[in-house]
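The values are calculated or read from the model by the stated rules, or taken from the named source; none is laboratory data. Computed from a prediction, not measured in an experiment: that's the story for all the values here. Note: ideal-geometry Cβ built from the backbone for every residue, glycine included; neighbour counts use all protein chains shown. Please note that ligands, DNA and RNA were not included when accessible areas were found on the heavy atoms of the full protein model with its side chains. Shrake-Rupley method; radii C 1.70, N 1.55, O 1.52, S 1.80 Å.
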Amino acid sequence: MSAVRENGVIVAIDGPSGAGKSSLTKLLAQRLGYIHIDTGAMFRAVALMSKRAGIATDDDARLAELCRGLDVTFVRDGASCRVLANGEDVSTEIRTEEIGLLTSAISARKPVREALLTMQRAMGAKGGVILEGRDIGTVVFPDAEVKFFLSASAEERGRRRYLELAARGDSATLEETIAKVIQRDKQDEGREHAPLKQADDALPIDSTSLSIEEVLSVMENAVRERLAQGDKG
Ligand SMILES: Nc1ncnc2c1ncn2[C@@H]1O[C@H](COP(=O)(O)OP(=O)(O)OP(=O)(O)O)[C@@H](O)[C@H]1O
Ligand SMILES: Nc1ccn([C@H]2C[C@H](O)[C@@H](COP(=O)(O)O)O2)c(=O)n1
């Protein structure tokens, strides 16, 4: 059993787009008093800055230089969290579907993954954190005390995303949205560096037919059970 960390355990929540990672990480972090680290938002911030700088998605030298000069931070704003890139609030801009697709390409580049890996490990090393992403339990923190792999059918994840986009006034159809979810799955699973995959010791949760509350209950129980084990030394 790994040594007890200074601020608590590390919780990893990996899974494909639209599975519910951000929703559950936010709620679980509130329940546990843990810090929520949205690693997807970090990759999205890199993608946004690369777009602004006109950097090609395969220009590794310029991407590496951009990452060296990029500081991504999270700032609590009431019940939610703002994402700052070099001090600029980019929380809204990074959430567009355009940036989402660009991020899938950018996140496949080795220099970007190496730069953000260093940042993510520095943010979470002392524990008391929940990191959500694609490679947390396999690459970022393979020694995380609790790992979940949260998934749902592509149709259900597309439906969720469709409802989310429609609420924001986006005119994408359900069929188009499901197709984009499947496209991002293929890109995230098929890339050479840190592909999306379930860690061998992760607890799989298929949320296709589960409510957010039902998923949260499974996750909270699993974390509290692990914390109780730590108390036993
Ligand atoms: N179990 C669930 N049942 C119904 N809706 C859900 C469930 N989990 C999440 N949702 C909804 O699905 C949408 C996507 O959820 P969320 O953004 O948390 O997913 P995600 O895995 O973080 O996606 P991405 O990786 O693309 O950021 C949100 O509108 C959320 O409220
Ligand atoms: N640890 C991570 C987190 C995210 N990504 C990639 C995968 C997605 O295509 C993109 C945006 O993530 P989201 O905000 O939708 O969760 O970033 C990754 O490769 N590794």
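Can you confirm whether ASP71 is acidic (Asp, Glu) and touching a Cys at 6+ places or on another chain (Cβ under 8 Å)?
Criteria not met by ASP71.
Of the conditions (1) without any contact (Cβ under 8 Å) to a residue 40 or more places away in the chain; (2) crowded, with 24+ Cβ neighbours inside 10 Å, ALA56 satisfies every one except a single condition; which number is it?
Result: ALA56 passes all but (2).
Would you check which residues across segment 67-93 are small (Gly, Ala, Ser) and modelled with pLDDT of 95 or more and list them?
GLY69, ALA85, GLY87, SER91
Tell me which residues, restricted to segment 98-135, are assigned to a loop (DSSP other than H, G, I, E, B), small (Gly, Ala, Ser) and in contact with an Asp or Glu (Cβ under 7 Å, 6 or more places away or on another chain).
Scanning segment 98-135 gives a single hit, GLY127.
In this structure, is THR103 in contact (Cβ under 8 Å) with a residue 12 or more places away in the chain, farther than 30 Å from GLY230 by Cα and in contact with a Gly (Cβ under 6 Å, 6 or more places away or on another chain)?
no
Which residue is farthest from LEU27 (Cα to Cα), if the candidates are limited to segment 185-225 and must be open to solvent by 50 Å² or more (accessible area, probe 1.4 Å), within 18 Å of the chain's Cα centre (by Cα) and among the aliphatic types (A, V, I, L, M)?
Step by step, filter segment 185-225, then rank; the result is LEU203.
Which of the residues spanning segment 191-233 are of a type in the set (Gly, Ala, Ser), within 16 Å of ligand 2 (Cβ to nearest atom) and modelled with pLDDT under 95?
ALA194
Which members of segment 136-157 meet the condition of being touching a strand residue (DSSP E or B) at 6+ places or on another chain (Cβ under 7 Å), farther than 15 Å from VAL9 by Cβ and assigned to a loop (DSSP other than H, G, I, E, B)?
ALA152
State the number of residues belonging to segment 33-53 that are more than 16 Å from LEU70 (Cβ to Cβ), in contact with a helix residue (DSSP H, G or I) (Cβ under 9 Å, 6 or more places away or on another chain) and open to solvent by 30 Å² or more (accessible area, probe 1.4 Å).
Qualifying residue count for the region: 2.
Only one of THR96, THR57, THR25 is hydroxyl-bearing (Ser, Thr, Tyr) and at pLDDT below 95. Can you tell me which?
Criteria check complete, one pass: THR96.
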